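The values are calculated or read from the model by the stated rules, or taken from the named source; none is laboratory data. Computed from a predicted structure; not experimentally measured. Here Cβ is always computed from backbone atoms with ideal geometry, including for glycine, and neighbour counts include all displayed protein chains.
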Amino acid sequence: MVSTTDLDLTSSTVDAPTYRSSAVVTPSTSARADGSGGVTLTDRANVTKLVLRCAPDSAAARWMAVEFGSCRTEGDDVLVVGMRPDEYWIIGSPSSVSGVRSAVPTAGLRSEVDLTHGRAFIEVSGPKATKMLEKVCGLDWSDNMTPPGSATSASVAKVSCDVVRSGDSYFISCDRSFGQYLVESLADAAEEFGLTLES
C-alpha cells in the first residue's frame, strides 16, 4: 500500500506527487535471486495504466482495434489491450500514453480512469517464465492457448490478476495492496529456475 514515504511532496506543485514502487526489490525477495535469468521479475508499477470504457461498436472501440482477450502495440512502447468486452487498457510511458489517448475518438467513450498507482504491474520474462507460471496458476500457458498477443484474467498465486502476454513476456497486474505478496509468491516459484530481479 502507498505510504507517505512513497510520495515526493518536496515539489512546489503538490498536485503531481511522484510514486516510488518497492514491489519487487525488497530484502526478502532479493535473497532468493541468483541472477541466472531463468525467470526475470521486473517491477513495472510506474508504467502508466489508463483504463477506458466504451461501447463495443463505437468509434473509440474501433480505434482500439483489439478484440476482447487480445492486445497490440501502438508505436514503440504502448500496449493497447482489450481486457474485457467494453474495457480497454492503454499501457506505457506517461508521454506515450498521453499521445495515444489524444488520438482516441471521444465518440462512444463512457469513462476514463488512470490506475497507475492503484495497480501493481509485474513483468515476468525469461526462458522458464511459462514453467514458473504453471506452478502458480491453473491456466494453460502453452502458445496455442495463450499465445503472444493474448490477454486474460486468472488467479495467480491465489490473487485475482489480469495477465497480458506481449512477445515472450507476461505482464501481471493486480490490486496494489496484493503486490508485495504476489511478488514474494512469484519469486518463490521462480527460485528453482534461477531468479533475476529488476526494477
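Within segment 134-149, how many residues turn out to be surrounded by fewer than 17 Cβ atoms within 10 Å (Cβ to Cβ) and closer than 24 Å to residue 192 by Cβ?
Total meeting the criteria: 8.
How many residues, within segment 61-82, are out of contact with any strand residue (DSSP E or B) (no Cβ under 7 Å at 6 or more places or on another chain) and more than 17 Å from residue 98 (Cβ to Cβ)?
The total comes to 1.
In this structure, does residue 17 turn out to be modelled with pLDDT under 95, farther than 29 Å from residue 145 by Cβ and surrounded by 14 or more Cβ atoms within 10 Å (Cβ to Cβ)?
yes
Considering segment 44-64 alone, what residues qualify as being of a type in the set (D, E, K, R), assigned to a loop (DSSP other than H, G, I, E, B) and more than 16 Å from residue 163 (Cα to Cα)?
Residue satisfying the conditions is 57 alone.
Any idea how many residues of segment 109-137 are closer than 24 Å to residue 75 by Cα and part of a strand (DSSP E or B)?
Of the residues in that region, 12 qualify.
How many of the residues in segment 150-182 are among the small types (Gly, Ala, Ser) and either outside any strand (DSSP E or B) or surrounded by 21 or more Cβ atoms within 10 Å (Cβ to Cβ) (or both)?
Matching residues across segment 150-182 total 6.
Among the candidates 29, 73, single out the residue that is assigned by TED's automatic domain parsing to the domain that holds residue 134 and either touching a helix residue (DSSP H, G or I) at 6+ places or on another chain (Cβ under 7 Å) or closer than 29 Å to residue 136 by Cα (or both).
Exactly one residue qualifies, and that residue is 29.
Quick one: count up the residues across segment 61-73 that are under 17 Å from residue 169 (Cα atoms) and touching a Gly at 6+ places or on another chain (Cβ under 8 Å).
Count: 4.
Would you point out the residue of segment 93-108, among those that are among the small types (Gly, Ala, Ser) and part of a loop (DSSP other than H, G, I, E, B), that is surrounded by the fewest Cβ atoms within 10 Å (Cβ to Cβ)?
Top of the filtered list is 107.
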